[in-house]
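S.K.: The structure under discussion is supplied below as structure tokens; questions concerning it will follow.
The values are calculated or read from the model by the stated rules, or taken from the named source; none is laboratory data. Model, not experiment: these values are computed from the prediction. Backbone-built Cβ (ideal geometry, glycine too); neighbour counts: all protein chains shown.
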Amino acid sequence: MTQGLVMLFTGDGKGKTTAALGMALRAWGHGMRVLIIQFVKSGRFETGECLAAAHLGERFAIKTLGEGFVFGGEDTGRHREAAQRALAAAQKAVEKGGYDLVVLDEITHALRHGLISEESVLALIAAKPPAMHLVLTGRGAPQALIGRADMVTEMRDVKHHYQGGLAAQKGIEY
């Protein structure tokens, strides 16, 4: 029997979602059923991962449920509603089962901005079936999540092309 792991990709560097997507693709390649729930990305913005997922069949699903990143001074009402929908979708996936790997992309962003509660995320982790793998991504993961995870990787920004004034690149950042 597989022991389901809780894995966390956090830190200020690029690569958290990319690492989770790589893990999801690896799992799919081994016949596993994969669900990715995107807490921040909006369905109004076409990403490479969604374009690719359309070709992978029903064992690989992405639910893009966010309203974009939250910035200071912004009304968070629509972001809160979107994050709550994403959390409900995650709870349903965990309760229902049916997936071997569930990725909660940018869930820590929703936590940091108070869109969902830390207690709800910890309850979600506690409710996961024993064989289900759960991957959480995002900057600034709280200590409670770090303590609960079986594996934590922190991405550190050493150098980034944004610093040189280059914008996000299709196929690289999205």
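S.K.: Residues that are in a loop (DSSP other than H, G, I, E, B), at negative phi and among the aromatic types (Phe, Trp, Tyr): does segment 149-164 have at least one? Reasoning before the result, please.
M.R.: First, the residues of segment 149-164 that are in a loop (DSSP other than H, G, I, E, B): 149-150, 156-160.
Next, from what is left, pick out any that are at negative phi: 149-150, 156-160.
Those left that are additionally among the aromatic types (Phe, Trp, Tyr): none.
No, there is no match, as no residue in segment 149-164 is in a loop (DSSP other than H, G, I, E, B), at negative phi and among the aromatic types (Phe, Trp, Tyr).
S.K.: Next question. Which residues, taken from segment 88-119, are surrounded by fewer than 21 Cβ atoms within 10 Å (Cβ to Cβ), part of a helix (DSSP H, G or I) and of a type in the set (S, T, N, Q)?
M.R.: 91
S.K.: Scanning segment 45-61 for residues that are part of a loop (DSSP other than H, G, I, E, B) and not aliphatic (A, V, I, L, M), which turns out farthest from residue 34 (Cα to Cα)?
M.R.: Of segment 45-61, the ones part of a loop (DSSP other than H, G, I, E, B) are 45-47, 54-59.
So of that shortlist, the ones also not aliphatic (A, V, I, L, M) come out as 45-47, 55, 57-59.
Numbers: 45: 21, 46: 20, 47: 18, 55: 14, 57: 10, 58: 9, 59: 6 Å.
Once the filter is applied, the top-ranked residue is 45.
S.K.: Right, next: Scan segment 1-27 for residues that are assigned to a helix (DSSP H, G or I), more than 21 Å from residue 113 (Cα to Cα) and either among the acidic types (Asp, Glu) or in contact (Cβ under 8 Å) with a residue 40 or more places away in the chain (or both) and jot them down.
M.R.: Scanning segment 1-27 gives 19, 20, 21, 23, 24, 27.
S.K.: Only one of these is touching a Phe, Trp or Tyr at 6+ places or on another chain (Cβ under 8 Å), closer than 21 Å to residue 48 by Cα, touching a residue at least 40 places away in the same chain (Cβ under 8 Å) and not hydroxyl-bearing (Ser, Thr, Tyr): 173, 106. Name it. Steps first, please.
M.R.: On the way: 173 fails: touching a Phe, Trp or Tyr at 6+ places or on another chain (Cβ under 8 Å).
None of the others qualify; the one that does is 106.
S.K.: If you don't mind, another one. Given (1) modelled with pLDDT of 95 or more; (2) in a loop (DSSP other than H, G, I, E, B), where does residue 74 come up short, assuming only one miss?
M.R.: Here residue 74 meets the rest and fails (1).
S.K.: Still on this structure, I have one more. Going through 31, 66 one at a time, which residue ends up being outside any strand (DSSP E or B) and surrounded by fewer than 13 Cβ atoms within 10 Å (Cβ to Cβ)? So that I can check it myself, show each step before the final result.
M.R.: Details: 66 fails: surrounded by fewer than 13 Cβ atoms within 10 Å (Cβ to Cβ).
Step by step, each of 31, 66 is checked, and only 31 is outside any strand (DSSP E or B) and surrounded by fewer than 13 Cβ atoms within 10 Å (Cβ to Cβ).
S.K.: Hey, another quick one. Looking for something within 28 Å of residue 46 (Cβ to Cβ) and buried (at least 18 other Cβ atoms within 10 Å of the Cβ) - is there at least one such residue anywhere in segment 70-80?
M.R.: The answer is yes, given that some residue of segment 70-80 is within 28 Å of residue 46 (Cβ to Cβ) and buried (at least 18 other Cβ atoms within 10 Å of the Cβ).
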